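Notes to accompany the following structure.
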Amino acid sequence: SQTIHQWPATLVQPVGSPLSLECTVEGTSNPNLYWYRQAAGRGLQLLFYSVGIGQISSEVPQNLSASRPQDRQFILSSKKLLLSDSGFYLCAWSAGEYGGYTFGSGTRLTVV
Amino acid sequence: GENVEQHPSTLSVQEGDSAVIKCTYSDSASNYFPWYKQELGKRPQLIIDIRSNVGEKKDQRIAVTLNKTAKHFSLHITETQPEDSAVYFCAARTGAQKLVFGQGTRLTINP
């Protein structure tokens, strides 16, 4: 069966520091991969999605970037964090046009 | 691009009563409509979904209806229980293979 792993679970980082969040999927090949951010008490904002290795689509201009170095690995990065980057970051995967999303357990990021 | 509107933002019902959450979408090409339940501090989890070639789908106490002409879909929960309390999100999938989510509904079941 397919599983999705996301880490770390929580992270406290100072303003201006770099960020790297990783997400991996097991048990499937060529998944669609997504990064979402959820501010406290708010909805789900799509940040990036990828339909294949090296293919990244950005939804919101910001100081974040994403990369997909391997088929089942998706990385979210920042060179310098802002206070506004705080939130709950969720990775998700889906298979094909009608595949529902399965979310990872999320990373709660607090920028101080 | 696709836009999904969800109502109400908060909903409080008595245990045992029914709850209905409604969503509208803008892109007539959207073809897949899932609903997610998110408990406090946890990841959203898929509870039911419907494809554009189906008008209604039911799974025990949960049902979803889709009106393609009007571009709206609804979640119906019958015989509500305390464990149904959570935030519910609707979503619509566009041809770009990405889900656009509604803003969420905080459902509270009162004992």
*Of all residues in the stretch A:26-49 being in contact with a Ser or Thr (Cβ under 7 Å, 6 or more places away or on another chain) and part of a strand (DSSP E or B), which is most open to solvent (accessible area, probe 1.4 Å)?*
A:Glu26
*Check off (1) without any contact (Cβ under 8 Å) to a residue 40 or more places away in the chain; (2) open to solvent by 60 Å² or more (accessible area, probe 1.4 Å) for A:Ala66 and give me the number that stays unchecked.*
(2)
*asked:* Taking the condition of being at the interface with chain A (Cβ under 10 Å from one of its Cβ atoms) and open to solvent by less than 10 Å² (accessible area, probe 1.4 Å), how many residues in the stretch B:84-101 meet it?
replied: 4
*asked:* List pairs: first residue in the stretch B:85-111 and under 19 Å from B:Lys68 (Cα atoms), second residue among the acidic types (Asp, Glu) anywhere in the structure, Cβ distance under 6 angstrom, at least six positions apart or on different chains.
replied: B:Ala92/B:Glu2; B:Thr94/B:Glu2; B:Thr94/B:Asp27; B:Val100/B:Glu2
*asked:* Take the residues in the stretch B:16-30 that are surrounded by fewer than 17 Cβ atoms within 10 Å (Cβ to Cβ) and touching a residue at least 60 places away in the same chain (Cβ under 8 Å); name whichever of them is nearest to the other protein chains (Cβ to nearest Cβ).
replied: B:Ala29
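Condition first: surrounded by 14 or more Cβ atoms within 10 Å (Cβ to Cβ), more than 24 Å from B:Glu39 (Cβ to Cβ) and not small (Gly, Ala, Ser). Can you find one or more residues in the stretch A:82-91 that meet it? Steps first, please.
Initially, the stretch A:82-91 is screened for residues surrounded by 14 or more Cβ atoms within 10 Å (Cβ to Cβ), giving A:85-91.
Narrowing further to those that are more than 24 Å from B:Glu39 (Cβ to Cβ): A:85.
Next, only the ones that are not small (Gly, Ala, Ser) stay: A:85.
Yes, the stretch A:82-91 contains a residue that is surrounded by 14 or more Cβ atoms within 10 Å (Cβ to Cβ), more than 24 Å from B:Glu39 (Cβ to Cβ) and not small (Gly, Ala, Ser).
Looking at the stretch B:70-77, is at least one residue within 14 Å of chain A (Cβ to nearest Cβ) and buried (at least 16 other Cβ atoms within 10 Å of the Cβ)? Give the derivation first.
Applying the first criterion (within 14 Å of chain A (Cβ to nearest Cβ)) to the stretch B:70-77 yields none.
The answer is no, given that none of the residues of the stretch B:70-77 is within 14 Å of chain A (Cβ to nearest Cβ) and buried (at least 16 other Cβ atoms within 10 Å of the Cβ).
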*Filtering the stretch A:98-112 down to residues that are open to solvent by 10 Å² or more (accessible area, probe 1.4 Å) and within 7 Å of chain B (Cβ to nearest Cβ), which residue is nearest to A:Trp7 (Cα to Cα)?*
A:Ser105
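Taking the stated definitions as given, is A:Leu11 within 12 Å of chain B (Cβ to nearest Cβ), of a type in the set (A, V, I, L, M) and open to solvent by less than 50 Å² (accessible area, probe 1.4 Å)? Reasoning before the result, please.
Details: within 12 Å of chain B (Cβ to nearest Cβ): no; of a type in the set (A, V, I, L, M): yes; open to solvent by less than 50 Å² (accessible area, probe 1.4 Å): yes.
When the stated conditions are applied, A:Leu11 does not pass them.
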*How many of the residues making up the stretch B:37-65 are within 14 Å of chain A (Cβ to nearest Cβ) and either in contact with a strand residue (DSSP E or B) (Cβ under 6 Å, 6 or more places away or on another chain) or part of a strand (DSSP E or B) (or both)?*
15
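The values are calculated or read from the model by the stated rules, or taken from the named source; none is laboratory data. Everything quoted here is computed from the prediction, not taken from an experiment. Heads up, the Cβs are rebuilt from the backbone with ideal geometry, glycines too, and the neighbour counts pull from every protein chain shown. Surface accessibility is based on the protein's heavy atoms, side chains included, excluding ligands, DNA and RNA. Shrake-Rupley method; radii C 1.70, N 1.55, O 1.52, S 1.80 Å.
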